Structure formats: structure tokens, C-alpha cells
Amino acid sequence: MKSTNPFNPNLDLTFERVIEVPRELVWRAWTEPALLKQWFTPAPWQTIECDIELRAGGVFRTVFLSPEGERFPNAGCYLEIIENEKLVWTNAMQPGFRPTFSSNETHADFPFTAIISLASQGSGTKYTATVLHADAAGCKKHAAMGFHDGWGKALDQLVALAQRL
């Protein structure tokens, strides 16, 4: 099946790695709040809250805690879920597909859609994270925030967690 979201290097970021963790464990780490809180943000940051309603239109909400003690809430909506294969969510919508931004609102963050793809590879998993941005400015901002380094460190934490399960 051909992807409906072709990668655009001017608007999108991607991160791919093969990890020695079965995809069912990777899936659990992404879909069980108690597990996600243990790895989702690169240390010394923490994920201190997580709500997951694993259905299209369901909530995906986290709260990050910075090393300085500042809280960063993040909320979005799942768009597509294929068990053990694919998770798609966006911060441009609230649960129930309600738009996040009103027409008279100026929003400091950038809207994005995240796609997590998992494929079995030997005894491990080919892990691909792709983030689609609305414009080049949002993509550049996300890259400058440390997209590749941050997603890499978080994945390392997921692997370490999976080894303990």
C-alpha cells in the first residue's frame, strides 16, 4: 500500500532506527501511560502525566516537567491506530477531532502530525518516527529544538525500559 503522506524534506522530519526490542513491547511502551511516562522525554526532562484513549478521535495528552520545574502540557488527538504497526496523532486537534486553534487565537507552538511506524525486523523492530509540519518555519523550529537528538535519547530510554520488562 502506498503511503498517503509522502515525505517532504522542507516540511517534515524523520527518525529511523532498528532496535532489539520486539514491536509488541514497543507498542506497549507507546500505548500504556505508566510505561510511556518512564521514557517519553529525554532525561533530565520527565513526563509526569499521560492520558491515552487509544481510538481514532481519542486523547493523547502528556505533561512534561523541565529540569527547572516548569510544566509543559501537550494535548492532541489520535488519527489512526493499527495495533503493533502504526500510531498517528496530531496536536492540531483536540479529542473528538475538534480543532485546537480558534480563528482569533495566536498560538506560540507549531501544529504537527506524528506518525510512529513499527515493523518486525529479525528479533527486533524497525522504528520510524515521522513528524509532518504545516510549514517550513514549524519544521525548522522543531529541528532546532533538537528533534533528532531528543527522539534518539527518548528511544534509547524506551529500549532500556523494554529490557527491564
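With r as the distance between the Cβ atoms of residue 8 and residue 137 and R0 = 22 Å, compute the FRET efficiency 1/(1 + (r/R0)^6) and round to 0.05.
On the way: r = 14 Å, r/R0 = 0.64.
Computed FRET efficiency for residue 137 and residue 8: 0.95.
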### Query
How many nm separate the modelled label positions at residue 81 and residue 149, each set 7 Å beyond the Cα in the direction of the Cβ?
3.4
### Query
Among rounded, prolate and oblate, which fits segment 40-130 when a ≥ b ≥ c are the square roots of the eigenvalues of its C-alpha gyration tensor, a/c under 1.5 means rounded, and a/b larger than b/c means prolate?
oblate
## Note on the structure
Residue separation between residue 72 and residue 45 times 0.36 nm, minus their alpha-carbon distance, gives in nm 8.7 nm
### Query
Pulled fully out, how much extra length does the chain show between residue 34 and residue 128, if you take 0.36 nm times their separation in residues and subtract their Cα-Cα distance?
31.6 nm
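Every number here is computed from the coordinates shown, using simple stated rules; none is lab data. Quantities reported herein were computed from a predicted structural model and do not represent experimental measurements. Using ideal geometry, Cβ is built from the backbone for each residue, glycine included, and neighbour counts are taken over all protein chains shown.
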